[in-house]
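Peer 1: Can you read through this structure? Questions will come right after.
The values are calculated or read from the model by the stated rules, or taken from the named source; none is laboratory data. Here the structure is a predicted model, which means the values were calculated and not measured. Cβ atoms come from the backbone with ideal geometry, glycine included; neighbour counts cover every protein chain shown.
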Amino acid sequence: MQTINQIYIDGAFVTPHGTDTIDIINPTTGTPLARATLADAEDTRRAILAAKRALPAFSRTTVLERVAMLKRLHAAVLARSDAMRDATIREYGAPVSRATWISHFAAQTFLDAAATLETYDFTRVAGSSIVLMEPVGVAGLITPWNSTAGSICSKLAMAIAAGCTSVIKPSELSPIQNSIVAEAIHAATLPAGVVNIVTGRGDIVGTELSTHPDIAKISFTGSTAVGKIIQRAAADTIKRVHLALGGKSPSIILDDADLAQAVPLALNAAFMNNGQACIAGSRLLVPAHRLEEVIALVKETIGLMKVGDPAEPTTIIGPLANRSQYERIQYYIRLGLAEGATLVAGGEGHPAGLDQGYFVKPTVFVNVHKDMRIAREEIFGPVLSILTYGSDEEAIDMANDTDFGLYAYIMSSDPARAKAVATRLQAGRVMINSLQHDPLAPFGGYKQSGVGREYGVLGLESYLEAKTLLGVL
């Protein structure tokens with residue numbers, strides 16, 4: 001069993017002051033994998049102090065200097081992409097295809113930030129004044145367990161591009177992945193204190209970051225419930241707060257769609273990353289008169305989706321990340337049945353032959369009404385609810401009838417019609433006939449899916465403040 005007993009502060013790996021430990025279980029086998037020592041509030045304060053000391057010099061670095069740092073970070077993370085892939089499989093249970101993608105995405109975020117930085121104008125004229133865009137200060141970056149390397153690197157890339165120093169609190173459930181990212185950051189030879197990583201519990205490290213007066217900005221990705229806690233905690237010091245929160249994203253199959261393409265796309269949207277994705281399309285809206293066709297294709301497609309060892313190239317769905325996640329999904333499956341929904345596929349318990357680990361059956365419900373909890377709450381696992389509609393107008397209303405607004409998916413043979421529907425959806429991103437990712441376009445949500453945007457120019461500006469100089473023109 002691997003032992004992880006260091007954190008990263010002021011350019012060095014150090015032993016935490018904290019003494020609490022956490023055991024990580026391999027989700028594929030259910031056997032012990034690692035034990036990590038967690039940082040505490042004192043460690044967090046040391047990291048904040050290091051970032052504060054580094055800020056004056058780092059905030060005055062040139063664009064060329066920061067671009068060079070971002071390129072070194074890209075190379076360092078890319079050099080460890082195989083190790084990150086393997087750790088993501090072992091520690092998290094991500095299928096190898098997903099783990100490979102996320103390890104390369106993590107590296108690419110630094111090049112995307114560099115490209116944004118190289119073309120950004122930090123000085124501009126507004127009226128008769130000059131506006132200077134300046135770093136907001138020390139940033140607290142709080143990242144989730146379901147996309148460890150990608151979340152750490154994408155947030156850090158923009159903080160560095162803006163000239164901010166950072167204290168990162170990655171999930172304590174991902175210590176192996178965290179340590180690989182920390183090694184890459186150290187190898188990139190940034191000035192001491194520019195990046196600090198304190199792996200610890202949210203109620204300890206996260207609370208310290210959210211309340212400490214020397215943290216100017218919080219960027220958090222995680223659940224809506226925790227996002228609300230962070231926003232309240234940050235209020236006393238009026239921090240800039242960016243929140244990327246939960247979702248209950250609709251996939252809308254319009255009545256002109258080619259179902260042979262639309263249904264597999266919708267299932268992939270629902271079950272990506274083992275269903276543990278804030279952007280998962282967990283509500284499938286289909287024309288009532290095509291429901292039986294959809295059900296038949298759902299059964300056929302799920303029958304072809306292998307659930308199993310995430311290291312196997314043919315696996316589509318691996319295990320859930322931990323026992324808590326497994327039990328959560330079992331609860332929601334029972335809840336769906338109690339609410340009167342009908343199973344099309346899946347159900348309670350482990351899939352046949354997969355009694356070890358935290359495997360669940362990919363589950364699809366029909367006869368789901370929009371007021372059922374399985375249709376309204378973020379389940380965060382491979383559970384899909386199918387709802388029916390009679391007209392495009394009703395589909396739009398159903399799609400928007402949610403507390404969330406992160407993603408939406410539309411399947412149609414008519415791009416103009418799909419675009420017309422997309423413009424009326426309350427979602428930060430709308431995917432039309434695809435699951436592609438655009439790293440230079442804004443990412444974020446409406447309503448309780450978050451505040452602010454990541455990636456591209458808007459992502460960079462979330463780490464900047466505007467200073468106006470009057471009387472100089």
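Peer 1: Mind checking which residues of region 136-175 are surrounded by fewer than 24 Cβ atoms within 10 Å (Cβ to Cβ) and under 22 Å from Lys467 (Cβ atoms)?
Peer 2: Val136, Gly137
Peer 1: Then there is this: How do the helices (runs of 4 or more DSSP H) wholly within region 1-101 filter down when requiring 1 or more residues that are touching a strand residue (DSSP E or B) at 6+ places or on another chain (Cβ under 6 Å) and either farther than 21 Å from Ser324 by Cβ or among the aliphatic types (A, V, I, L, M) (or both): which remain?
Peer 2: Output list reads 41-59.
Peer 1: For region 180-192, name all the residues that are small (Gly, Ala, Ser) and surrounded by 24 or more Cβ atoms within 10 Å (Cβ to Cβ).
Peer 2: Of everything in region 180-192, just one residue is small (Gly, Ala, Ser) and surrounded by 24 or more Cβ atoms within 10 Å (Cβ to Cβ), namely Ala184.
Peer 1: Check Gly275, Gly227, Gly222 and return the single one that is buried (at least 22 other Cβ atoms within 10 Å of the Cβ), closer than 22 Å to Tyr358 by Cβ and in the same structural domain as Arg453 (by TED's automatic domain parsing).
Peer 2: Gly222
Peer 1: Oh, and also: Can you find a residue in region 172-180 that is assigned by TED's automatic domain parsing to the domain that holds Trp145, out of contact with any Leu (no Cβ under 8 Å at 6 or more places or on another chain) and farther than 28 Å from Ser81 by Cα?
Peer 2: The answer is no; no qualifying residue exists.
Peer 1: Could you check Phe365 against (1) under 30 Å from Leu33 (Cα atoms); (2) more than 22 Å from the chain's Cα centre (by Cα); (3) aromatic (Phe, Trp, Tyr) and say which number it fails?
Peer 2: (1)
Peer 1: Of Gly200, Gly227, Gly281, Gly246, which residue is part of a helix (DSSP H, G or I) and either modelled with pLDDT of 95 or more or touching a strand residue (DSSP E or B) at 6+ places or on another chain (Cβ under 9 Å) (or both)?
Peer 2: Gly227
Peer 1: Tell me yes or no: at least one residue of region 338-345 is surrounded by fewer than 20 Cβ atoms within 10 Å (Cβ to Cβ), farther than 27 Å from Ser223 by Cα and of a type in the set (Asp, Glu).
Peer 2: Within region 338-345, none of the residues are surrounded by fewer than 20 Cβ atoms within 10 Å (Cβ to Cβ), farther than 27 Å from Ser223 by Cα and of a type in the set (Asp, Glu).
Peer 1: Tell me which of these Ser462 doesn't satisfy, since it passes every other one: (1) over 23 Å from Phe271 (Cα atoms); (2) modelled with pLDDT of 95 or more; (3) surrounded by fewer than 21 Cβ atoms within 10 Å (Cβ to Cβ).
Peer 2: (3)
Peer 1: Related question: Pick from Thr165, Thr189, Thr207: which is modelled with pLDDT of 95 or more and more than 20 Å from His242 (Cα to Cα)?
Peer 2: The unique qualifying residue is Thr189.
Peer 1: Now for a different question. Go over the candidates Phe105, Phe110 one by one and state the one that is aromatic (Phe, Trp, Tyr) and surrounded by fewer than 23 Cβ atoms within 10 Å (Cβ to Cβ).
Peer 2: Only one candidate qualifies: Phe105.
Peer 1: Go through region 68-83 and report how many residues are over 21 Å from the mean Cα position of the chain (by Cα) and basic (Lys, Arg).
Peer 2: 2
Peer 1: Within region 108-150, track down each residue that is among the β-branched types (Val, Ile, Thr) and in a loop (DSSP other than H, G, I, E, B).
Peer 2: Listed by number, the residues that qualify are Thr119, Val136, Val138, Thr143.
Peer 1: Taking the condition at pLDDT below 95, more than 23 Å from Met158 (Cβ to Cβ), out of contact with any helix residue (DSSP H, G or I) (no Cβ under 7 Å at 6 or more places or on another chain) and surrounded by fewer than 13 Cβ atoms within 10 Å (Cβ to Cβ), does Leu469 pass?
Peer 2: No, not satisfied.
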